[in-house]
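Student: Here you go, one structure.
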There are 2 protein chains.
Amino acid sequence: MDRISLNTLGQHLQHLRTARGWSLSYLASEAGIAKSNLSRLEQGNGNPTLDTLWRLAVQLEVPFGTLVAPVTAPLDEEGVQVQLLDQGRDTPPVDAYWMRCAPWTERRAEAHTPGARENITVISGHLVVGPVDNMQIVSTGQSTSFAADQAHCYRTEESWATLLMTIVYSGGEEPHP
Amino acid sequence: MDRISLNTLGQHLQHLRTARGWSLSYLASEAGIAKSNLSRLEQGNGNPTLDTLWRLAVQLEVPFGTLVAPVTAPLDEEGVQVQLLDQGRDTPPVDAYWMRCAPWTERRAEAHTPGARENITVISGHLVVGPVDNMQIVSTGQSTSFAADQAHCYRTEESWATLLMTIVYSGGEEPHP
DNA sequence: ATGGAACGTTCGTTATAAGGAACGCTCGTA
DNA sequence: TACGAGCGTTCCTTATAACGAACGTTCCAT
């Protein structure tokens, strides 16, 4: 938990509150917390408990994660943004990601667990993706699927690319043994 | 914040931890919190700070809200939750959705614009989906694709189903003319 | 002008979440 | 059998989040 996250939480809280035309005192009172508490949070200091967050989320009628969720995906490593969307823990386990790549970038990924497969659907732009010895071009709206239990790679050309990716771990094996 | 929420948080934490085959001591140490703290949380007592929740979410590689999410998320009247994830406005335009369906529910959808296709990837559970005269079963981790310029349908059986869906509008036609 | 009410902030106090050192327990292993 | 390593739990202590009563503002209504 760093200062940046706390700042975004504060800004987010204040935005949600003022968007409703509510005063700080009013929100604090309705949520059942001290206004000094809320004041500190909006300033980006403090480290609220789950109880406090919960009361605020209920009062603002906002899904819980929204209070803390960064405005945009924060991770930018070499022009690639990745955000975990959801995880399925049935058999097989499935991880779902949203991913955005800048033009002319390449992201290499190590092999996942044996039998794992990846599924790609391109939302905008196009990219070249797959096992390093068998990469394919995937255009806007298209999907592809490949074995991910070997080194693989995502590469963009002249345009940005946005895509959904799922990793399917075979036969109920755990992704993080 | 009531006792029930704390219990579900505890159960959720414990499930995520054991699913990875991690010991309580290990997770606490990796996340940088005292194991007494984690122990208390898993028992459904305590009221963690955002810092503590954050460290656990990062270590478990779980989206933040997931830790706290209620067992039964709010559903619309038909037992189906839909959330727009992203929109691509290249050619062709693409809409990306996350979708969750309760057991034994059926959602009918009208035809989209001519040439539109839908792409489904199942994250957990399984469902029967496609044009009403040609529906297919799709299991966890699998994908399918079908013409969406005719009436189509999503149907679950005995289990919940979570999926990613993309709608691809053909030839640059706008989804909402 | 002047009182009152509401606003957001600051500060000392109190409640409590997090930390850390025990404990009893179950395993393998010598 | 005895030992050590690791497990999860239970205390007690310490750090700190939440509270509540101030405070200085602003802005109306008197």
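Student: So, B:Ala57, is that one farther than 23 Å from B:Thr162 by Cα, among the small types (Gly, Ala, Ser) and either at pLDDT 90 or above or within 16 Å of DNA strand C (Cβ to nearest atom) (or both) or not?
Tutor: no
Student: Looking at the structure I just gave you, is B:Arg20 facing chain A (nearest Cβ under 9 Å) and within 14 Å of DNA strand C (Cβ to nearest atom)?
Tutor: The answer is no for B:Arg20.
Student: Can you tell me which residue is nearest to A:Asp90 (Cα to Cα) among those in segment B:34-45 that are surrounded by fewer than 20 Cβ atoms within 10 Å (Cβ to Cβ) and within 11 Å of DNA strand C (Cβ to nearest atom)?
Tutor: Within segment B:34-45, the match that is nearest to A:Asp90 (Cα to Cα) is B:Ser39.
Student: Looking at (1) surrounded by fewer than 20 Cβ atoms within 10 Å (Cβ to Cβ); (2) modelled with pLDDT of 85 or more; (3) farther than 18 Å from A:Met165 by Cα, which one does B:Thr144 not meet, given that it meets all the others?
Tutor: (3)
Student: Oh, and also: With the structure loaded, tell me whether B:Arg117 is more than 10 Å from chain A (Cβ to nearest Cβ) and under 24 Å from B:Gly88 (Cβ atoms) or whether it fails that test.
Tutor: no
Student: Which residue out of B:Val122, B:Val94 is out of contact with any helix residue (DSSP H, G or I) (no Cβ under 7 Å at 6 or more places or on another chain), aliphatic (A, V, I, L, M) and modelled with pLDDT of 95 or more?
Tutor: Among B:Val122, B:Val94, only B:Val122 is out of contact with any helix residue (DSSP H, G or I) (no Cβ under 7 Å at 6 or more places or on another chain), aliphatic (A, V, I, L, M) and modelled with pLDDT of 95 or more.
Student: Next question, about the same structure. So the check is Cβ under 8 Å with 6+ separation or different chains; which pairs have a first residue in segment B:137-154 that's over 9 Å from B:Ala111 (Cα atoms) and a second one that's surrounded by fewer than 21 Cβ atoms within 10 Å (Cβ to Cβ) and among the hydroxyl-bearing types (Ser, Thr, Tyr)?
Tutor: B:Val138/B:Thr144; B:Thr140/A:Thr91; B:Ser143/A:Ser143; B:Ser143/A:Ser145; B:Ser145/A:Ser143
Student: Right, something else. Restricting the search to segment A:105-125, which residues are buried (at least 21 other Cβ atoms within 10 Å of the Cβ) and assigned to a strand (DSSP E or B)?
Tutor: Within segment A:105-125, A:Glu118, A:Asn119, A:Ile120, A:Thr121, A:Val122, A:Ile123, A:Ser124 qualify.
Student: To continue, here is another question. Condition first: modelled with pLDDT of 95 or more and either within 12 Å of another protein chain (Cβ to nearest Cβ) or touching a Pro at 6+ places or on another chain (Cβ under 6 Å) (or both). Now tell me which residues in segment A:34-48 satisfy that.
Tutor: Hit for segment A:34-48 is A:Pro48, nothing else.
The values are calculated or read from the model by the stated rules, or taken from the named source; none is laboratory data. If you're wondering where the values come from, they're calculated on a predicted model, not measured in any experiment. In this analysis, Cβ positions are derived from the backbone assuming ideal geometry, glycine residues included, and neighbour counts consider all displayed protein chains.
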